[in-house]
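The values are calculated or read from the model by the stated rules, or taken from the named source; none is laboratory data. Remember, it's a predicted structure, so these values are computed and weren't measured experimentally. Glycine also receives a Cβ, built like all others from the backbone with ideal geometry; neighbour counts cover every protein chain displayed. The area values use the complete protein model at the heavy-atom level, side chains included, leaving out ligands, DNA and RNA. Shrake-Rupley method; radii C 1.70, N 1.55, O 1.52, S 1.80 Å.
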Amino acid sequence: MGKAIEAIDLDIYYGSFLAVQGVNMTIRPKTVTALIGPSGCGKSTYLRSINRMHEVIPGARVEGSIELDGTDLYGAGVDPVGVRRQIGMVFQRPNPFPTMSIYDNVIAGQRLNNKRMRKDATDDLVERSLRGANLWNEVKDRLEKPGSGLSGGQQQRLCIARAIAVQPDVLLMDEPCSALDPISTLAIEDLINELKMDYTIVIVTHNMQQAARVSDYTGFFNIEGTGKPGKLVEMDETKKIFSQPTQKATEDYVSGRFG
Amino acid sequence: MSIETDKTTPQHDVDVATPLESRIARKGQLPRWGTAAALAGAAVIIGGALAATGAFSIGLFVFLTVVLFAVGLYAISRAVEGGRKAADRVVTIVVTSAFLLALIPLISVVWTVLSNGVARFDAEFFSSSMRGVVGEGGGGYHAIMGTLIITALAAAMSIPVGLLTAVYLVEYGVGTRLARSITFFVDVMTGIPSIVAGLFAYALFALFAGPGVRLGFAGAVALSVLMIPVVVRATEEMLKIVPNELREAAFALGVPKWRTILKVVIPTSIAGIASGITLAIARVIGETAPLLIAVGITTGLNFNPFDGRQATLPVFAYYSYAAPGVPRDPYVDRAWTAALVLIVIVMVLNLAARLIARLFAPKNR
Ligand SMILES: Nc1ncnc2c1ncn2[C@@H]1O[C@H](COP(=O)(O)OP(=O)(O)OP(=O)(O)O)[C@@H](O)[C@H]1O
Ligand SMILES: [Mg+2]
């Protein structure tokens with residue numbers, strides 16, 4: 001588990017609108033990479049193109065390539081469904097399935113794909129995933145209750161448990177803490193630090209401190225003006241980005257002198 | 001920050017110069033029984049006036065009482081409580097009267113059907129057909145069975161077609177020309193007069209079986225022409241309100257689209273879909289015109305929708321009333337009872353729709 005990602009000359013379109021242009025980025029296995037940048041610069045768009053979630057939007061398409069340990073995810077004959085099984089995703093707003101219990105939510109990946117599992121194996125997987133998401137102690141007595149009955153922070157950790165239950169190689173997170181209070185945020189940051197042992201993690205965040213706290217590498221995206229495509233300005237070790245970036249725009253942004 | 005909030009707060013025409021305490025100080029308030037007293041007062045005054053002129057009629061009395069009540073309460077309330085409260089009271093009166101007005105025809109229909117239909121609402125009505133019956137006795141068993149069979153057939157044809165069409169429109173066809181034209185034709189179909197649906201089914205079956213054909217199945221086809229657009233529309237609306245985030249959540253777990261639809265989208269909206277379908281059934285079960293043309297009527301029991309005429313409740317009621325035998329009364333009584341049974345069926349379907357909605361609704365705790 002934990003694979004490398006390499007984006008090569010990646011252009012991402014919504015219909016005829018070029019949203020992100022010319023991204024070249026190497027993401028090392030078992031590291032946390034933070035993506036930062038002003039609103040609308042294409043962080044979510046780029047993140048969603050990594051697990052081929054971008055193309056579920058009508059008219060959306062991608063040019064260039066993204067390689068996962070050397071295989072092109074956009075190559076001919078690659079099934080996007082298979083890609084998404086290897087690259088899990090956690091969304092900005094927690095989105096547990098409202099018709100399912102907490103238990104079923106965790107193993108939704110298996111249940112929805114009709115994967116047959118023995119009862120004790122499922123129980124085990126549920127416990128492991130919930131422990132992995134730091135949620136087990138809070139919900140172990142009400143696993144059969146609906147997932148939508150949890151608090152926002154708990155729901156988000158449930159979504160993380162659901163994502164890691166399918167045992168992906170990579171975990172993408174799009175502002176996973178933006179709807180959460182500081183305590184839940186800390187819980188999720190701790191979790192990211194633990195998950196890094198097994199997974200390659202890419203996280204979009206607007207919170208500089210968070211990027212500095214959790215990530216090993218940071219990529220800064222920027223946009224020149226409305227209607228222009230977003231670009232990857234600079235990517236480096238997080239320490240370096242926050243202390244001595246090579247680009248002026250990066251320095252302005254991380255020091256809060258932006259716009 | 002403070003500038004922002006100032007902009008968004010609605011500006012009242014309050015005199016800012018007066019001190020706050022006097023601005024928020026309560027004006028007078030009418031006592032709780034004030035409204036009732038005003039209504040009673042208006043009724044007494046109007047009643048007295050009408051009695052004095054000798055032109056008393058209940059309609060005029062109610063109308064004038066409400067008008068005087070509204071005007072009087074407005075005047076009193078304005079004097080005591082101020083303009084805003086007074087306007088509030090008048091609007092309350094207007095809305096309530098409109099509601100009661102709308103309720104009158106409904107209650108009147110239910111009451112008329114109930115009082116006329118209850119005479120023959122007996123075991124015999126539910127157990128015997130009209131075969132060999134002249135005058136008293138007999139019943140609508142054959143018509144009840146015919147209605148149930150034909151409606152069930154129509155539902156069996158419309159629900160899969162309607163459901164799949166809606167799934168296509170919402171999940172696959174968004175923005176395509178095909179989807180737009182389907183939506184257009186569904187809208188057109190919603191407006192088709194039911195008699196046209198009947199003529200269509202009749203003409204269709206006359207092609208195969210020759211003119212004069214009457215068939216339960218032809219009636220079912222006519223009903224499904226009316227039912228499909230309703231099912232499509234109801235299902236479409238329900239599928240649309242399933243949040244996109246749930247679909248994306250499933251996709252991100254590596255679930256193929258068709259499984260996502262089958263196991264996430266439809267289960268999430270099944271409550272609304274089921275009650276929409278039930279209401280669509282309720283909508284067509286009382287259709288008369290298409291069945292009159294395509295199915296006709298018969299006096300005996302016929303369980304086979306592919307073999308000749310079948311009786312149905314609406315057509316049975318229609319013929320019993322329009323072409324009764326002699327003596328007339330037993331026929332008319334049976335017509336009312338058939339109408340009553342139909343209303344009961346529709347009511348049961350509506351209750352079932354609510355029950356289904358509650359049963360399937362995603363639970364929160
Ligand atoms: N579904 C869509 N259809 C068309 N254009 C879109 C769509 N989603 C995003 N865009 C456009 O793509 C550009 C990048 O958007 P994106 O959501 O990736 O920004 P972001 O960096 O994630 O911003 P934020 O920090 O606000 O989340 C924006 O100009 C946006 O208007
Ligand atoms: Mg975003």
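Would you check which residues across segment B:129-142 are farther than 10 Å from B:Thr299 by Cβ and assigned to a helix (DSSP H, G or I) and list them?
B:Tyr141
Does segment A:150-159 hold any residues that are under 11 Å from A:Leu130 (Cα atoms) and within 12 Å of another protein chain (Cβ to nearest Cβ), and which are they? Give the derivation first.
The first filter runs over segment A:150-159 and keeps only residues under 11 Å from A:Leu130 (Cα atoms), leaving A:154, A:157-159.
Of everything in segment A:150-159, those that are under 11 Å from A:Leu130 (Cα atoms) and within 12 Å of another protein chain (Cβ to nearest Cβ) turn out to be A:Leu158, A:Cys159.
Just one of A:Ile12, A:Ile57 is hydrophobic (A, V, I, L, M, F, W, C), more than 22 Å from A:Val166 (Cβ to Cβ) and open to solvent by 40 Å² or more (accessible area, probe 1.4 Å); which is it?
Working: A:Ile12 fails: open to solvent by 40 Å² or more (accessible area, probe 1.4 Å).
Of the residues listed, the single one that is hydrophobic (A, V, I, L, M, F, W, C), more than 22 Å from A:Val166 (Cβ to Cβ) and open to solvent by 40 Å² or more (accessible area, probe 1.4 Å) is A:Ile57.
Taking the conditions exactly as written (at pLDDT 95 or above and in contact with a Gly (Cβ under 8 Å, 6 or more places away or on another chain)), does B:Ile159 satisfy them or not? Outline the logic, then answer.
Details: at pLDDT 95 or above: yes; in contact with a Gly (Cβ under 8 Å, 6 or more places away or on another chain): no.
Spelling it out, it is not the case that B:Ile159 is at pLDDT 95 or above and in contact with a Gly (Cβ under 8 Å, 6 or more places away or on another chain).
Would you check which residues across segment B:28-42 are open to solvent by less than 50 Å² (accessible area, probe 1.4 Å) and outside any helix (DSSP H, G or I) and list them?
B:Gly28, B:Leu30
Check whether at least one residue in segment A:129-149 is away from ligand 2 (no atom under 16 Å from the Cβ), on the phi > 0 side of the Ramachandran plot and of a type outside the set (D, E, K, R), and report yes or no. Give the steps one after another, and end with the answer.
Of the residues in segment A:129-149, the ones away from ligand 2 (no atom under 16 Å from the Cβ) are A:129-149.
Filter once more, keeping what is on the phi > 0 side of the Ramachandran plot: A:134.
Now drop any that are not of a type outside the set (D, E, K, R), which leaves A:134.
Taking every residue of segment A:129-149 in turn, at least one turns out to be away from ligand 2 (no atom under 16 Å from the Cβ), on the phi > 0 side of the Ramachandran plot and of a type outside the set (D, E, K, R).
Yes or no: segment A:44-53 includes at least one residue that is open to solvent by 10 Å² or more (accessible area, probe 1.4 Å) and away from ligand 1 (no atom under 11 Å from the Cβ).
In the first step, residues of segment A:44-53 are kept if they are open to solvent by 10 Å² or more (accessible area, probe 1.4 Å); the result is A:44-45, A:48, A:52.
After this cut, where a residue has to be away from ligand 1 (no atom under 11 Å from the Cβ) as well, the list is A:52.
Yes, the conditions are met somewhere in segment A:44-53.
A:Gln92: within 13 Å of ligand 1 (Cβ to nearest atom) and in a strand (DSSP E or B), yes or no? Lay out the reasoning, then the answer.
Numbers: within 13 Å of ligand 1 (Cβ to nearest atom): yes; in a strand (DSSP E or B): no.
For A:Gln92, the condition - within 13 Å of ligand 1 (Cβ to nearest atom) and in a strand (DSSP E or B) - is not met.
Being within 20 Å of A:Thr200 (Cα to Cα), touching a strand residue (DSSP E or B) at 6+ places or on another chain (Cβ under 6 Å), within 14 Å of chain B (Cβ to nearest Cβ) and in a helix (DSSP H, G or I) is the requirement here; does A:Ile164 meet it?
Working: within 20 Å of A:Thr200 (Cα to Cα): yes; touching a strand residue (DSSP E or B) at 6+ places or on another chain (Cβ under 6 Å): no; within 14 Å of chain B (Cβ to nearest Cβ): yes; in a helix (DSSP H, G or I): yes.
Judged against the criteria, A:Ile164 is not a match.
Residues checked against (1) farther than 30 Å from A:Val20 by Cβ; (2) at pLDDT 95 or above; (3) part of a loop (DSSP other than H, G, I, E, B):
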position: A:Ala34; (1), (2), (3): no, yes, no
position: A:Gly40; (1), (2), (3): no, no, yes
position: A:Glu55; (1), (2), (3): no, no, no
position: A:Ser65; (1), (2), (3): no, no, no
position: A:Gly77; (1), (2), (3): no, no, yes
position: A:Val81; (1), (2), (3): no, no, no
position: A:Arg116; (1), (2), (3): yes, no, yes
position: A:Asp120; (1), (2), (3): yes, no, no
position: A:Arg131; (1), (2), (3): yes, no, no
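Suppose we filter A:Arg48, A:Arg84 for residues that are within 16 Å of ligand 2 (Cβ to nearest atom) and out of contact with any Pro (no Cβ under 8 Å at 6 or more places or on another chain); which single one remains? Spell out the reasoning first.
On the way: A:Arg84 fails: within 16 Å of ligand 2 (Cβ to nearest atom).
Just a single option satisfies the conditions, and that option is A:Arg48.
Return yes or no: is B:Thr190 surrounded by fewer than 16 Cβ atoms within 10 Å (Cβ to Cβ), assigned by TED's automatic domain parsing to the domain that holds B:Arg283 and under 23 Å from the mean Cα position of the chain (by Cα)?
In short, yes.
When you look at B:Gly83, is it closer than 13 Å to B:Gln29 by Cα, at pLDDT below 90 and in the same structural domain as B:Ala98 (by TED's automatic domain parsing), yes or no?
It is true that B:Gly83 is closer than 13 Å to B:Gln29 by Cα, at pLDDT below 90 and in the same structural domain as B:Ala98 (by TED's automatic domain parsing).
Looking for something closer than 28 Å to B:Val174 by Cβ and either surrounded by fewer than 20 Cβ atoms within 10 Å (Cβ to Cβ) or not polar (S, T, N, Q) (or both) - is there at least one such residue anywhere in segment A:114-126? Break it down into steps so the answer makes sense when it comes.
Initial filter on segment A:114-126 (closer than 28 Å to B:Val174 by Cβ): A:114.
Retained after the next criterion (residues that are either surrounded by fewer than 20 Cβ atoms within 10 Å (Cβ to Cβ) or not polar (S, T, N, Q) (or both)): A:114.
Scanning segment A:114-126, I find at least one residue that is closer than 28 Å to B:Val174 by Cβ and either surrounded by fewer than 20 Cβ atoms within 10 Å (Cβ to Cβ) or not polar (S, T, N, Q) (or both), so the answer is yes.
Since A:Met53 meets every condition but one in (1) in contact (Cβ under 8 Å) with a residue 40 or more places away in the chain; (2) within 16 Å of ligand 2 (Cβ to nearest atom), which condition does it not meet?
(1)
Report yes if some residue within segment A:89-106 is away from ligand 2 (no atom under 16 Å from the Cβ) and open to solvent by 70 Å² or more (accessible area, probe 1.4 Å); otherwise report no.
At the first step, the residues of segment A:89-106 found to be away from ligand 2 (no atom under 16 Å from the Cβ) are A:96-106.
From what's left, open to solvent by 70 Å² or more (accessible area, probe 1.4 Å): none.
For segment A:89-106, residues away from ligand 2 (no atom under 16 Å from the Cβ) and open to solvent by 70 Å² or more (accessible area, probe 1.4 Å): absent.
Of (1) of a type outside the set (Phe, Trp, Tyr); (2) open to solvent by less than 10 Å² (accessible area, probe 1.4 Å); (3) away from ligand 1 (no atom under 16 Å from the Cβ), A:Val202 satisfies all except one. Which?
(3)
I'd like to know if segment B:95-106 contains one or more residues that are more than 30 Å from B:Gly325 (Cα to Cα) and in contact (Cβ under 8 Å) with a residue 12 or more places away in the chain.
Taking every residue of segment B:95-106 in turn, at least one turns out to be more than 30 Å from B:Gly325 (Cα to Cα) and in contact (Cβ under 8 Å) with a residue 12 or more places away in the chain.
Quick check on B:Val341: is it in a helix (DSSP H, G or I), open to solvent by 30 Å² or more (accessible area, probe 1.4 Å), at negative phi and assigned by TED's automatic domain parsing to the domain that holds B:Met145? Step through it out loud before you land on a result.
On the way: in a helix (DSSP H, G or I): yes; open to solvent by 30 Å² or more (accessible area, probe 1.4 Å): no; at negative phi: yes; assigned by TED's automatic domain parsing to the domain that holds B:Met145: yes.
So B:Val341 does not fit the description; no.
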